[in-house]
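The values are calculated or read from the model by the stated rules, or taken from the named source; none is laboratory data. Being a predicted model, the structure only gives us computed values, none of them experimental. Cβ placement follows ideal geometry from the backbone for every residue including glycine, while neighbour counts extend to all protein chains displayed. Surface accessibility is based on the protein's heavy atoms, side chains included, excluding ligands, DNA and RNA. Shrake-Rupley method; radii C 1.70, N 1.55, O 1.52, S 1.80 Å.
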Amino acid sequence: MNIKVWSSVIGGLMLAAGAQAAEYTSIQSDKSSLHFVYKQMGVPVDGSFKKFNTQLAFDPAKLANAKVDFELNLASIDAGSDEANDEVASKSWFNTKVYPKATFASTAVKQLAANRYEVSGKMTIKGHTQTITAPFTFTPQGNSAKVDGSFVLKRSEFAIGEGVWADFGTVANEIQINFHFLANASK
């Protein structure tokens, strides 16, 4: 092939790659989920949160500009029963009357592999702020993308489960947080 043909091929590939690059700026709440798993007396227990808001600016080609802000309505918890939901809303657990929201604000996003990334930032629950790092996969699908990840939260770092609930033999300190978001590209 001559140089003119190679230039056309390379130019076409670069345009195609640029056309696929997009900034993702919102999530589809109805197709997204936030689940957790913890152990109570050694037995795994599942739960979820139903209401959360996310502000997103994610372009895989411009990670230095990536930003994720997340706000979670703690009263939207489903811990398996009305009794459990009332208990975790109490002062010993989330104290939702005083602290109705948990928040996360990213400070950095970096690429780990082809479609694997890691977001770091400040999580605040019950007035306690800690740095959290969560690996995730990012899978584009047309004008949307699947974002799946997880991290371990230590409830003692946020004063979740105080008093008689502080015993890690009853409720483990580690809580596995699993998230699945369907992100939309900006138009």
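Go through the range 175-187 residue by residue and tally those that are surrounded by 15 or more Cβ atoms within 10 Å (Cβ to Cβ) and out of contact with any His (no Cβ under 9 Å at 6 or more places or on another chain). I'd like the intermediate steps shown before the answer.
The first filter runs over the range 175-187 and keeps only residues surrounded by 15 or more Cβ atoms within 10 Å (Cβ to Cβ), leaving 175-185.
Next, only the ones that are out of contact with any His (no Cβ under 9 Å at 6 or more places or on another chain) stay: 175, 181-185.
Residues in the range 175-187 being surrounded by 15 or more Cβ atoms within 10 Å (Cβ to Cβ) and out of contact with any His (no Cβ under 9 Å at 6 or more places or on another chain): 6 in total.
Taking the residues in the range 87-103 that are charged (D, E, K, R) and farther than 13 Å from GLY161 by Cα as candidates, determine which candidate is nearest to the chain's Cα centre (by Cα). Among those residues, the one meeting the criterion is LYS101. If you go through the range 121-135 one residue at a time, do you hit one that is farther than 25 Å from GLN28 by Cβ, open to solvent by less than 50 Å² (accessible area, probe 1.4 Å) and modelled with pLDDT under 95? There is no residue in the range 121-135 that is farther than 25 Å from GLN28 by Cβ, open to solvent by less than 50 Å² (accessible area, probe 1.4 Å) and modelled with pLDDT under 95. Annotation: TRP165 fulfils all but one of (1) in a strand (DSSP E or B); (2) farther than 17 Å from ALA66 by Cα; (3) open to solvent by 40 Å² or more (accessible area, probe 1.4 Å); the unmet one is (1). Restricting to the range 81-106, name every residue that is assigned to a loop (DSSP other than H, G, I, E, B) and either open to solvent by less than 30 Å² (accessible area, probe 1.4 Å) or touching a strand residue (DSSP E or B) at 6+ places or on another chain (Cβ under 6 Å) (or both). Of everything in the range 81-106, those that are assigned to a loop (DSSP other than H, G, I, E, B) and either open to solvent by less than 30 Å² (accessible area, probe 1.4 Å) or touching a strand residue (DSSP E or B) at 6+ places or on another chain (Cβ under 6 Å) (or both) turn out to be TRP93, PHE94, ASN95, THR96.
Return the residues of the range 64-80 that are in contact (Cβ under 8 Å) with a residue 24 or more places away in the chain and part of a helix (DSSP H, G or I); say none if nothing qualifies.
So the first thing to find is which residues in the range 64-80 are in contact (Cβ under 8 Å) with a residue 24 or more places away in the chain, and the list is 66-80.
Correct list: LEU74, ALA75, SER76.
When the test is whether a residue is part of a strand (DSSP E or B), under 11 Å from the mean Cα position of the chain (by Cα) and either on the phi < 0 side of the Ramachandran plot or of a type in the set (A, V, I, L, M, F, W, C) (or both), PRO140 does not pass it. Of the set (1) touching a Pro at 6+ places or on another chain (Cβ under 8 Å); (2) open to solvent by less than 30 Å² (accessible area, probe 1.4 Å); (3) not small (Gly, Ala, Ser), all apply to GLN111 but (2). In summary, THR25 fulfils each of the numbered conditions (1) at pLDDT below 95; (2) of a type in the set (Val, Ile, Thr); (3) more than 30 Å from ALA185 (Cα to Cα) with the single exception of condition (3). Summed over the range 143-159, the residues that are open to solvent by 30 Å² or more (accessible area, probe 1.4 Å), among the small types (Gly, Ala, Ser) and assigned to a strand (DSSP E or B) give a count of 1.
Selection of first residues in the range 146-174 that are at pLDDT 95 or above and of second residues that are among the small types (Gly, Ala, Ser), restricted to Cβ pairs under 6 Å at least 6 apart or on distinct chains, gives the following pairs, ordered by first then second residue: VAL147/ALA183; GLY149/ALA134; PHE151/ALA134; ARG155/GLY161; ASN173/SER156.
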